[in-house]
Amino acid sequence: MQVKPPRPYYVPVANEEQVFKAAYKQGLSIALKGPTGCGKTRFVEAMAHDLDRPLVTVSCHDDLTTADLVGRFLLRGGDTEWVDGPLTRAVREGAICYLDEVVEARQDTTVVLHPLADHRRQLPIERLGVTLDAAPGFCLVVSYNPGYQSVLKDLKDSTRQRMVAIEFGFPTPDVEEKIVANEAAIDHDRAADLVRLGQAIRRLETGGLREVASTRVLIAAGRLIAEGLIPREAARAAIAGPLTDDSTVTRGLLEMIDVYLHDGSPDD
Ligand SMILES: Nc1ncnc2c1ncn2[C@@H]1O[C@H](COP(=O)(O)OP(=O)(O)OP(=O)(O)O)[C@@H](O)[C@H]1O
Ligand SMILES: [Mg+2]
(Lines give C-alpha, C1' and ligand atoms only; values in the text may rest on other atoms or scores of the structure.)
(Ligands and ions follow the chains in the order given, each with its own letter.)
Protein backbone atom coordinates (compact mmCIF):
# COMPACT_ATOMS: atom_id res chain seq x y z
CA MET A 1 0.00 0.00 0.00
CA GLN A 2 1.26 3.46 -0.88
CA VAL A 3 1.80 5.75 2.05
CA LYS A 4 0.21 9.15 1.56
CA PRO A 5 2.86 11.89 1.74
CA PRO A 6 2.43 14.53 4.44
CA ARG A 7 0.15 17.49 3.75
CA PRO A 8 2.02 20.38 2.12
CA TYR A 9 2.36 23.06 4.79
CA TYR A 10 -0.40 25.59 4.27
CA VAL A 11 -1.95 27.89 6.88
CA PRO A 12 -5.40 29.22 5.90
CA VAL A 13 -5.63 32.98 5.75
CA ALA A 14 -9.40 33.37 5.39
CA ASN A 15 -12.13 31.02 4.14
CA GLU A 16 -10.21 29.96 1.02
CA GLU A 17 -10.14 26.26 1.94
CA GLN A 18 -13.91 26.14 2.44
CA VAL A 19 -14.61 27.99 -0.81
CA PHE A 20 -12.24 25.77 -2.76
CA LYS A 21 -13.69 22.54 -1.42
CA ALA A 22 -17.28 23.68 -1.97
CA ALA A 23 -16.50 24.69 -5.56
CA TYR A 24 -14.66 21.41 -6.11
CA LYS A 25 -17.61 19.36 -4.88
CA GLN A 26 -19.92 21.24 -7.22
CA GLY A 27 -17.62 20.73 -10.21
CA LEU A 28 -17.00 24.46 -10.57
CA SER A 29 -13.76 25.88 -11.95
CA ILE A 30 -11.68 28.12 -9.74
CA ALA A 31 -9.56 31.24 -10.32
CA LEU A 32 -6.97 32.17 -7.68
CA LYS A 33 -6.14 35.87 -7.81
CA GLY A 34 -3.33 37.47 -5.91
CA PRO A 35 0.12 38.99 -5.85
CA THR A 36 3.28 36.95 -6.34
CA GLY A 37 4.51 34.87 -3.43
CA CYS A 38 1.32 34.90 -1.39
CA GLY A 39 0.79 31.13 -1.29
CA LYS A 40 -1.40 30.30 -4.31
CA THR A 41 0.70 27.38 -5.52
CA ARG A 42 1.16 25.99 -2.03
CA PHE A 43 -2.58 26.30 -1.45
CA VAL A 44 -3.43 24.21 -4.54
CA GLU A 45 -0.92 21.57 -3.46
CA ALA A 46 -2.60 21.37 -0.05
CA MET A 47 -6.07 21.17 -1.62
CA ALA A 48 -5.01 18.38 -4.01
CA HIS A 49 -3.68 16.53 -0.99
CA ASP A 50 -6.86 17.00 1.06
CA LEU A 51 -9.09 15.99 -1.84
CA ASP A 52 -6.85 13.08 -2.74
CA ARG A 53 -6.46 14.09 -6.36
CA PRO A 54 -3.35 14.13 -8.53
CA LEU A 55 -2.17 17.64 -9.38
CA VAL A 56 -1.12 18.55 -12.92
CA THR A 57 0.52 21.99 -13.12
CA VAL A 58 1.13 23.98 -16.29
CA SER A 59 3.08 27.24 -16.23
CA CYS A 60 1.51 29.42 -18.90
CA HIS A 61 3.50 31.69 -21.23
CA ASP A 62 2.72 33.53 -24.42
CA ASP A 63 4.09 30.80 -26.69
CA LEU A 64 1.83 28.19 -25.15
CA THR A 65 -0.35 26.65 -27.84
CA THR A 66 -3.53 24.65 -27.64
CA ALA A 67 -1.47 21.64 -28.76
CA ASP A 68 0.87 22.14 -25.77
CA LEU A 69 -2.17 21.81 -23.50
CA VAL A 70 -4.19 19.21 -25.35
CA GLY A 71 -1.63 17.06 -27.13
CA ARG A 72 -0.16 16.42 -30.54
CA PHE A 73 0.93 13.75 -32.98
CA LEU A 74 4.62 12.97 -32.68
CA LEU A 75 6.83 10.92 -34.95
CA ARG A 76 7.87 7.69 -33.30
CA GLY A 77 10.00 5.31 -35.38
CA GLY A 78 8.39 6.21 -38.67
CA ASP A 79 4.90 6.24 -37.21
CA THR A 80 2.87 9.07 -35.87
CA GLU A 81 1.61 8.62 -32.37
CA TRP A 82 -0.77 10.79 -30.40
CA VAL A 83 0.65 12.10 -27.12
CA ASP A 84 -1.71 13.65 -24.58
CA GLY A 85 -0.88 17.11 -23.31
CA PRO A 86 -1.16 17.88 -19.57
CA LEU A 87 -4.74 19.16 -19.80
CA THR A 88 -5.93 16.00 -21.55
CA ARG A 89 -4.08 13.85 -19.05
CA ALA A 90 -5.78 15.66 -16.18
CA VAL A 91 -9.19 15.31 -17.86
CA ARG A 92 -8.70 11.56 -18.29
CA GLU A 93 -7.29 11.01 -14.78
CA GLY A 94 -9.76 13.21 -12.95
CA ALA A 95 -6.87 15.33 -11.70
CA ILE A 96 -6.77 18.91 -10.54
CA CYS A 97 -5.31 20.86 -13.45
CA TYR A 98 -3.58 24.04 -12.30
CA LEU A 99 -2.81 26.61 -14.97
CA ASP A 100 -0.37 28.98 -13.33
CA GLU A 101 -0.25 32.58 -14.64
CA VAL A 102 -3.04 31.85 -17.06
CA VAL A 103 -3.19 35.44 -18.38
CA GLU A 104 0.23 34.89 -19.95
CA ALA A 105 -1.37 32.45 -22.39
CA ARG A 106 -2.95 33.89 -25.52
CA GLN A 107 -6.72 34.07 -25.61
CA ASP A 108 -6.93 31.72 -28.58
CA THR A 109 -5.23 29.14 -26.40
CA THR A 110 -7.51 29.60 -23.41
CA VAL A 111 -10.69 29.24 -25.49
CA VAL A 112 -10.18 25.48 -25.31
CA LEU A 113 -10.95 25.78 -21.61
CA HIS A 114 -14.50 27.03 -22.10
CA PRO A 115 -16.43 23.78 -22.48
CA LEU A 116 -14.29 22.32 -19.69
CA ALA A 117 -14.79 25.19 -17.32
CA ASP A 118 -18.58 25.22 -17.46
CA HIS A 119 -21.28 22.65 -16.79
CA ARG A 120 -20.33 20.63 -19.89
CA ARG A 121 -17.01 19.54 -18.42
CA GLN A 122 -15.87 18.45 -21.86
CA LEU A 123 -12.63 18.72 -23.76
CA PRO A 124 -12.97 18.67 -27.53
CA ILE A 125 -9.83 17.29 -29.21
CA GLU A 126 -10.14 18.42 -32.79
CA ARG A 127 -7.09 16.56 -34.06
CA LEU A 128 -8.53 13.26 -32.83
CA GLY A 129 -12.09 14.12 -33.70
CA VAL A 130 -13.25 13.24 -30.19
CA THR A 131 -14.75 15.04 -27.23
CA LEU A 132 -13.71 13.76 -23.83
CA ASP A 133 -15.93 13.96 -20.78
CA ALA A 134 -13.87 14.97 -17.77
CA ALA A 135 -13.42 12.06 -15.36
CA PRO A 136 -14.99 12.51 -11.92
CA GLY A 137 -12.68 14.52 -9.70
CA PHE A 138 -11.36 16.71 -12.52
CA CYS A 139 -11.12 20.35 -11.54
CA LEU A 140 -9.75 23.30 -13.48
CA VAL A 141 -7.88 25.84 -11.38
CA VAL A 142 -6.16 28.91 -12.81
CA SER A 143 -4.12 31.60 -11.12
CA TYR A 144 -3.12 35.09 -12.06
CA ASN A 145 -1.87 38.29 -10.57
CA PRO A 146 -4.33 41.14 -11.20
CA GLY A 147 -1.54 43.62 -10.42
CA TYR A 148 0.32 42.72 -13.59
CA GLN A 149 -2.77 42.83 -15.69
CA SER A 150 -2.68 45.06 -18.75
CA VAL A 151 -5.31 45.69 -21.38
CA LEU A 152 -3.56 43.19 -23.58
CA LYS A 153 -3.25 40.59 -20.92
CA ASP A 154 -6.57 39.89 -19.39
CA LEU A 155 -8.84 36.93 -19.30
CA LYS A 156 -11.82 37.12 -21.59
CA ASP A 157 -14.98 37.88 -19.64
CA SER A 158 -16.46 34.69 -20.96
CA THR A 159 -13.55 32.77 -19.38
CA ARG A 160 -13.68 34.69 -16.10
CA GLN A 161 -17.37 34.19 -15.61
CA ARG A 162 -16.98 30.43 -15.84
CA MET A 163 -14.98 30.44 -12.62
CA VAL A 164 -15.38 30.96 -8.93
CA ALA A 165 -12.77 33.47 -7.77
CA ILE A 166 -10.72 33.27 -4.60
CA GLU A 167 -8.76 36.39 -3.71
CA PHE A 168 -5.43 36.00 -1.97
CA GLY A 169 -3.84 38.73 0.04
CA PHE A 170 -1.01 38.69 2.51
CA PRO A 171 -1.72 36.89 5.78
CA THR A 172 -2.23 38.76 9.05
CA PRO A 173 1.05 39.40 10.91
CA ASP A 174 0.56 36.58 13.42
CA VAL A 175 -0.17 34.04 10.67
CA GLU A 176 2.67 35.29 8.49
CA GLU A 177 5.05 35.09 11.43
CA LYS A 178 4.11 31.47 11.93
CA ILE A 179 4.63 30.73 8.22
CA VAL A 180 8.02 32.46 8.05
CA ALA A 181 9.22 30.77 11.26
CA ASN A 182 8.12 27.37 9.99
CA GLU A 183 9.33 27.64 6.41
CA ALA A 184 12.70 29.18 7.24
CA ALA A 185 13.14 27.23 10.48
CA ILE A 186 13.98 30.33 12.50
CA ASP A 187 12.68 31.42 15.88
CA HIS A 188 9.51 33.44 16.25
CA ASP A 189 11.20 36.68 17.31
CA ARG A 190 13.38 36.70 14.20
CA ALA A 191 10.35 35.88 12.06
CA ALA A 192 8.35 38.64 13.75
CA ASP A 193 11.04 41.22 12.90
CA LEU A 194 10.98 40.18 9.24
CA VAL A 195 7.19 40.35 9.15
CA ARG A 196 7.20 43.85 10.68
CA LEU A 197 9.66 44.94 8.01
CA GLY A 198 7.48 43.34 5.32
CA GLN A 199 4.42 45.14 6.67
CA ALA A 200 6.22 48.47 6.63
CA ILE A 201 7.28 47.92 3.01
CA ARG A 202 3.69 47.04 2.10
CA ARG A 203 2.52 50.31 3.64
CA LEU A 204 4.76 52.26 1.25
CA GLU A 205 1.89 52.53 -1.26
CA THR A 206 3.91 51.52 -4.36
CA GLY A 207 6.69 54.15 -3.64
CA GLY A 208 8.48 53.11 -6.82
CA LEU A 209 8.01 49.40 -6.23
CA ARG A 210 6.20 47.30 -8.80
CA GLU A 211 5.38 44.68 -6.19
CA VAL A 212 5.65 44.85 -2.42
CA ALA A 213 7.51 42.35 -0.24
CA SER A 214 5.83 38.96 -0.49
CA THR A 215 5.75 36.20 2.08
CA ARG A 216 8.20 34.43 -0.26
CA VAL A 217 10.94 37.07 0.07
CA LEU A 218 10.50 37.18 3.85
CA ILE A 219 11.00 33.42 3.94
CA ALA A 220 14.10 33.71 1.75
CA ALA A 221 15.56 36.25 4.19
CA GLY A 222 14.71 33.89 7.04
CA ARG A 223 16.53 31.09 5.30
CA LEU A 224 19.68 33.17 4.98
CA ILE A 225 19.41 33.95 8.69
CA ALA A 226 19.05 30.21 9.39
CA GLU A 227 22.38 29.79 7.58
CA GLY A 228 24.05 32.26 9.90
CA LEU A 229 23.79 35.58 8.05
CA ILE A 230 22.98 38.55 10.23
CA PRO A 231 19.38 39.72 9.65
CA ARG A 232 20.29 43.00 7.95
CA GLU A 233 22.53 41.28 5.42
CA ALA A 234 19.92 38.64 4.88
CA ALA A 235 17.25 41.26 4.25
CA ARG A 236 19.43 43.27 1.92
CA ALA A 237 20.07 40.20 -0.22
CA ALA A 238 16.66 38.56 -0.06
CA ILE A 239 14.28 41.51 0.24
CA ALA A 240 15.81 44.79 -1.04
CA GLY A 241 17.65 43.23 -3.99
CA PRO A 242 14.75 41.30 -5.50
CA LEU A 243 12.26 44.16 -5.04
CA THR A 244 13.99 46.85 -7.06
CA ASP A 245 16.91 47.82 -9.29
CA ASP A 246 16.36 51.54 -8.73
CA SER A 247 19.12 53.07 -6.59
CA THR A 248 16.92 55.66 -4.84
CA VAL A 249 14.31 53.08 -3.94
CA THR A 250 17.05 50.70 -2.82
CA ARG A 251 18.43 53.36 -0.47
CA GLY A 252 14.99 53.80 1.06
CA LEU A 253 14.61 50.07 1.59
CA LEU A 254 18.06 49.78 3.17
CA GLU A 255 17.12 52.50 5.63
CA MET A 256 13.98 50.64 6.56
CA ILE A 257 15.94 47.44 7.00
CA ASP A 258 18.28 49.26 9.39
CA VAL A 259 15.34 50.57 11.38
CA TYR A 260 13.44 47.30 11.63
CA LEU A 261 16.17 44.74 12.03
CA HIS A 262 18.47 44.80 15.02
CA ASP A 263 21.39 42.53 14.48
CA GLY A 264 23.32 42.90 17.63
CA SER A 265 26.36 42.79 15.33
CA PRO A 266 29.63 44.56 16.30
CA ASP A 267 29.17 47.45 13.83
CA ASP A 268 25.67 48.22 15.05
N1 LIG B 1 -0.76 30.63 3.86
C2 LIG B 1 0.45 30.04 3.69
N3 LIG B 1 0.76 28.89 4.33
C4 LIG B 1 1.96 28.32 4.16
N5 LIG B 1 2.94 28.82 3.39
C6 LIG B 1 2.70 29.96 2.74
C7 LIG B 1 1.45 30.63 2.85
N8 LIG B 1 1.51 31.75 2.11
C9 LIG B 1 2.72 31.78 1.56
N10 LIG B 1 3.45 30.71 1.93
C11 LIG B 1 4.83 30.45 1.57
O12 LIG B 1 5.24 31.45 0.65
C13 LIG B 1 6.01 30.89 -0.40
C14 LIG B 1 5.45 31.34 -1.70
O15 LIG B 1 4.20 30.74 -1.92
P16 LIG B 1 3.71 30.26 -3.33
O17 LIG B 1 4.84 29.75 -4.13
O18 LIG B 1 2.56 29.36 -3.11
O19 LIG B 1 3.23 31.67 -3.94
P20 LIG B 1 2.38 31.99 -5.23
O21 LIG B 1 1.23 32.81 -4.78
O22 LIG B 1 2.13 30.76 -5.99
O23 LIG B 1 3.36 32.94 -6.04
P24 LIG B 1 3.53 33.18 -7.63
O25 LIG B 1 2.32 33.96 -8.06
O26 LIG B 1 4.78 33.97 -7.75
O27 LIG B 1 3.62 31.82 -8.25
C28 LIG B 1 5.98 29.38 -0.25
O29 LIG B 1 7.27 28.97 0.11
C30 LIG B 1 5.05 29.10 0.90
O31 LIG B 1 5.68 28.36 1.85
MG1 LIG C 1 2.82 30.06 -7.88
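Going through VAL112, VAL13, VAL56 one at a time, which residue ends up being in contact with a strand residue (DSSP E or B) (Cβ under 9 Å, 6 or more places away or on another chain) and within 16 Å of ligand 2 (Cβ to nearest atom)?
Unique residue meeting the criteria: VAL56.
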remark   = ARG162 fails exactly one of (1) more than 13 Å from ligand 1 (Cβ to nearest atom); (2) outside the structural domain of THR88 (by TED's automatic domain parsing); (3) surrounded by 17 or more Cβ atoms within 10 Å (Cβ to Cβ), namely (2)
remark   = Residue set VAL44, VAL11; condition modelled with pLDDT of 95 or more and surrounded by fewer than 18 Cβ atoms within 10 Å (Cβ to Cβ); output residue VAL11
message = Out of the residues in the range 24-44 meeting the condition of being out of contact with any Phe, Trp or Tyr (no Cβ under 9 Å at 6 or more places or on another chain) and in a helix (DSSP H, G or I), tell me which one is nearest to ligand 1 (Cβ to nearest atom).
response = TYR24
task = Check VAL70, VAL44, VAL56 and return the single one that is in the same structural domain as GLU104 (by TED's automatic domain parsing), more than 21 Å from the chain's Cα centre (by Cα) and hydrophobic (A, V, I, L, M, F, W, C).
result = VAL70
query = Just one of the numbered conditions (1) touching a helix residue (DSSP H, G or I) at 6+ places or on another chain (Cβ under 8 Å); (2) outside any helix (DSSP H, G or I) is not true of MET47; which one?
reply = (2)
request  = At least 2 residues that are at pLDDT 95 or above in each: list the helices (runs of 4 or more DSSP H) lying fully within the range 137-248 that qualify.
outcome  = 173-184, 188-202, 215-226, 231-235
ask   = Which residue pairs have Cβ atoms closer than 8 Å, lie 6 or more positions apart in sequence or on different chains, and pair a first residue in the range 123-138 that is surrounded by 15 or more Cβ atoms within 10 Å (Cβ to Cβ) with a second residue that is polar (S, T, N, Q)?
value = LEU123/THR88; LEU123/THR131; PRO124/THR131; ILE125/THR88; ILE125/THR131; LEU132/THR88; LEU132/GLN122; ALA134/GLN122
Odd one out for VAL111 among (1) of a type in the set (A, V, I, L, M); (2) surrounded by fewer than 16 Cβ atoms within 10 Å (Cβ to Cβ); (3) modelled with pLDDT of 90 or more; (4) closer than 27 Å to VAL19 by Cα = (3)
query = Just to be sure, is ALA90 over 18 Å from the mean Cα position of the chain (by Cα), of a type in the set (Gly, Ala, Ser) and in a helix (DSSP H, G or I)?
reply = yes
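The values are calculated or read from the model by the stated rules, or taken from the named source; none is laboratory data. Keep in mind that what you see is a predicted model, and the values were worked out from it rather than measured. Every residue, glycine as well, gets a Cβ built from its backbone with ideal geometry; the counts of neighbours run over all protein chains shown.
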